[in-house]
Amino acid sequence: MSEPEFESALIALLPNLYRFALRLSRKGDLAEDLVQIAVERALATRETYDPTLRLEPWLIRILRNAWIDMTRRSKTRGVELDVYDTPDAAVVDGARVTEQALMLDATERAMATLPEGQREILLLVCYQELSYAETAEILDIPKGTVMSRLSRARKALSEKLGIN
């Protein structure tokens, strides 16, 4: 893959990277920083990319490693608060939209209580729509482990949400 092709493919995947980063960090500005770090690392290590494989799993793995690095660093810093960080007011129109917003909020809260391994599997397979094999490659675990963690994560999530 030539450099212009690589860069074009990378640019096309930016929304997917941002969506995954937003799910990991739960903050827009932090997600933007993560995507920037991932893109910088991808460009710096472009020669390690195997063009016979899909680019997205490779980029997500870089982003996930950046997230791990960032969370490890933040643990040593202590608590940081942004004085300008305020929740956005949600504009809700109708009972259906309200119900969907509540369900989404409940789902996100329930997902936050899942173990990290299960939450990552849900994000990669269900949100990012990656295959089991791609997810296994990103997390460096066997494909069977992906399937069993996903099953446990779905079951735990449905129990937490009261869905039979």
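Pairs, please: C-beta under 7 Å, at least 6 apart or cross-chain, first residue within 20 Å of ALA136 (Cβ to Cβ) and in the range 42-59, second open to solvent by 70 Å² or more (accessible area, probe 1.4 Å) and part of a helix (DSSP H, G or I)?
PRO57/GLU137
Among the residues of the range 112-136, which ones are open to solvent by 30 Å² or more (accessible area, probe 1.4 Å) and of a type in the set (A, V, I, L, M, F, W, C)?
Matches in the range 112-136: ALA112, CYS126, ALA133.
Looking at the range 10-21, which of its residues are in contact with an Asp or Glu (Cβ under 9 Å, 6 or more places away or on another chain) and part of a helix (DSSP H, G or I)? Break it down into steps so the answer makes sense when it comes.
Just the residues of the range 10-21 that are in contact with an Asp or Glu (Cβ under 9 Å, 6 or more places away or on another chain), to begin with: 13, 16-18, 21.
Within the range 10-21, ASN16, LEU17, TYR18, ALA21 qualify.
Conditions tested, residue by residue: (1) surrounded by fewer than 17 Cβ atoms within 10 Å (Cβ to Cβ); (2) in contact with a Cys (Cβ under 7 Å, 6 or more places away or on another chain); (3) closer than 22 Å to ALA133 by Cβ; (4) not assigned by the TED database to the domain that holds ALA136.
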position	(1), (2), (3), (4)
MET1	yes, no, yes, yes
PRO4	yes, no, no, yes
ARG23	no, no, yes, yes
VAL35	no, no, no, yes
ALA38	no, no, yes, yes
ALA44	yes, no, no, yes
THR48	yes, no, yes, yes
ASN65	yes, no, yes, yes
ASP69	yes, no, no, yes
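Looking at the range 68-98, which of its residues are assigned to a helix (DSSP H, G or I) and at pLDDT below 85? Reasoning before the result, please.
Looking only at the range 68-98, we keep the residues that are assigned to a helix (DSSP H, G or I), and these are 68-77, 95-98.
Those that are assigned to a helix (DSSP H, G or I) and at pLDDT below 85: ARG73, SER74, LYS75, THR76, ARG77, ALA95, ARG96, VAL97, THR98.
In the range 6-21, which residue that is within 28 Å of GLU116 (Cβ to Cβ) and surrounded by 16 or more Cβ atoms within 10 Å (Cβ to Cβ) is farthest from the chain's Cα centre (by Cα)? Even if it seems obvious, please write down each step before you answer.
So in the range 6-21, the residues within 28 Å of GLU116 (Cβ to Cβ) come out as 10, 13-21.
Going one step further and asking which of them are surrounded by 16 or more Cβ atoms within 10 Å (Cβ to Cβ), we end up with 10, 13, 16-18, 20-21.
On the way: LEU10: 17, LEU13: 13, ASN16: 9, LEU17: 8, TYR18: 8, PHE20: 3, ALA21: 5 Å.
Among those residues, the one meeting the criterion is LEU10.
Can you tell me which residues in the range 137-164 are closer than 17 Å to LEU104 by Cα, open to solvent by less than 80 Å² (accessible area, probe 1.4 Å) and either of a type in the set (Asp, Glu) or outside any loop (DSSP other than H, G, I, E, B) (or both)?
Within the range 137-164, ALA153, ALA156, LEU157, SER158, LEU161 meet the criteria.
The values are calculated or read from the model by the stated rules, or taken from the named source; none is laboratory data. Here the structure is a predicted model, which is why all the values come from computation and not from measurement. For neighbour counting, all protein chains shown are included, and Cβ atoms are generated from backbone atoms with ideal geometry for every residue, glycine included. Each accessible area value is taken on the protein alone, full model and side chains, heavy atoms only, with ligands, DNA and RNA left out. Shrake-Rupley method; radii C 1.70, N 1.55, O 1.52, S 1.80 Å.
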